[in-house]
Amino acid sequence: MPVIDTATRADWPALKTIWQACFGDESSYIDLFLEDLFDSCIPLVWRQEGQPVAMLYLLPVQLVHTGQAQSWHYLYAAATLPSCQGRGLMGQLLKAARQSSAQAGAAGILLVPGEKSLFQYYARFGYATYGARRQLCLAAAELSGPAAVLSPLPPPQLAACRRQALAGLGLSYMAHSPAGYRHICREAAYLGGGAYRFNGGHCIVHRDGDTALVKELDAADTATAAAALRAVCGLLGTARLLLTLPPPGPLFAGRGQVLPAAMSLPPQGPSAPPAFIDLVLD
């Protein structure tokens, strides 16, 4: 009989099968996620004949504004086996996720749709667009001047750097758990980049072919940011960069495309502070 419940470590092979069928990631990448975050999250599954055929993960995060933190969940890796899609299983899981999150004491759930069409899908279950991000493409050749000196940024220091950088922008932002920050740093290294600090800021970078995906960038000014990005291109051997930046912000001001960032349940009304939901998992 079909049933929704919480996954256990014994379900890992089935969870990896769903993940690979839907997202196409390598087994080692999925292992990284499970090893780092499974024990600290709420892993919900739809079982059919005892085996998971649909899944989602509720990761503990905080929504922070002006130094005040509120417990939320970040919904990640929602997926259904292709052979079981079209039956409404994910809709049932999303309803269960809302109940499980509330029972755990969270104020709400954040998610980041993987593609534009999913904004409409999640809206059917009460989620509303929340926050914005600015996406900017740069060529390494645009970055003149000397390169900054990069050094590894450990997870605890990453949390502190983000707290200082984002508080100054007056935006709400999503803060991760200690396990979450550890995974973010390990994920960046796995994907050919890393978490780096430099004089005047920090950055989180992944590598995608000849493009450096700059997941987060904080710097004192655009010149400092350009020096750091020049160093990133030199370290990763990339010719281009794709930056994720706050919509209102001093770095490369007026450049880039502003896009919706995330969705929230319950919806955050027009009176809610502006939000920048970045540094999400890949």
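Every read-out reported here was derived from the displayed coordinates using simple, explicitly stated rules and does not represent laboratory data. Just so you know, these numbers come straight off a predicted model, no measurement behind them. Glycine also receives a Cβ, built like all others from the backbone with ideal geometry; neighbour counts cover every protein chain displayed.
In whole percent, what relative contact order does the range 43-109 give with Cα contacts below 8 Å and a gap of six or more residues?
31
For the chain, what is the mean residue ellipticity at 222 nm derived from helices alone (per DSSP H run of n ≥ 4: -39500 (n - 2.57); sum divided by total residues; nearest 500 deg cm²/dmol)?
Per the formula, -9500 deg cm²/dmol.
Put a dot 7 Å past each Cα toward the Cβ at F125 and R9; how far apart are the dots in nm?
2.8
Helix 12-23 against the longest principal axis of the chain: what's the angle in degrees, Cα atoms only, rounded to the nearest 10?
60
Once both axes come from the Cα atoms, what is the angle between helix 178-190 and the longest principal axis of the chain, in degrees from 0 to 90, rounded to 10?
In the chain, helix 178-190 runs at an angle near 70 degrees to the longest axis.
Take the Cβ-Cβ distance between A104 and E26 as r, set R0 to 25 Å, and report the resulting FRET efficiency rounded to the nearest 0.05.
Efficiency, from the Cβ-Cβ distance: 0.20.
The list (i) 22.0, 71; (ii) 19.1, 65; (iii) 19.4, 61 gives values of Rg and Dmax of the Cα atoms in Å, and only one came from this structure; which label was calculated from it?
Recomputing Rg and Dmax of the Cα atoms in Å here gives the entry labelled (ii).
Using Cα pairs under 8 angstrom and six or more residues apart, how large is the relative contact order of the range 21-162, in percent?
Working: 136 pairs, mean separation 23.1, N = 142.
That works out to 16 percent.
Among F38, G24, T66, whose Cα sits farthest toward the positive end of the charge dipole of the range 3-111 (+1 at Cβ of Lys/Arg, -1 at Cβ of Asp/Glu, about the Cα centre)?
Checked the options; the winner is T66.
Quick one: of the DSSP bridges fully inside the range 163-281, what percent are antiparallel, nearest 5? Intermediate values should be presented prior to the final figure.
Numbers: 13 of 19 bridges.
Of all bridge pairs located within the range 163-281, approximately 70 percent are antiparallel.
Excluding residues on the same chain fewer than 8 positions from K215, give the lysines whose Cα lies under 21 Å from its Cα.
The reachable lysines, counting only those whose Cα sits under 21 Å from K215, are K116.
Please state the charge dipole magnitude for the chain, taken about the Cα centre, from unit charges on C-beta atoms (+1 on K and R, -1 on D and E), reported in debye and rounded to the nearest 20.
Dipole about the Cα centre, nearest 20: 520 debye.
If I take R0 = 45 Å and measure r between the Cβ atoms of Q92 and S144 in this structure, what FRET efficiency does the formula 1/(1 + (r/R0)^6) give, to the nearest 0.05?
0.25
Before anything else, pin down the relative contact order of the chain: Cα pairs under 8 Å, at least 6 apart, normalised by residue count, whole percent.
Relative contact order comes out at 21 percent.
So which GluC sites (Glu not before Pro) in the range 1-74 pass both tests, a DSSP loop state and at most 10 other Cβ atoms within 10 Å of the Cβ?
Here the sparse-neighbourhood loop sites are E26, E49.
Within the range 114-223, report the trypsin sites (Lys or Arg not before Pro) that DSSP leaves as loop and that have at most 11 other Cβ atoms within 10 Å. Please report the intermediate quantities before stating the final value.
On the way: sites: K116, R124, R133, R134, R162, R163, R182, R186, R197, R207, K215; in loops: K116, R124.
Taking the range 114-223 and a limit of 11 other Cβ atoms within 10 Å, the loop trypsin sites (Lys or Arg not before Pro) found are K116, R124.
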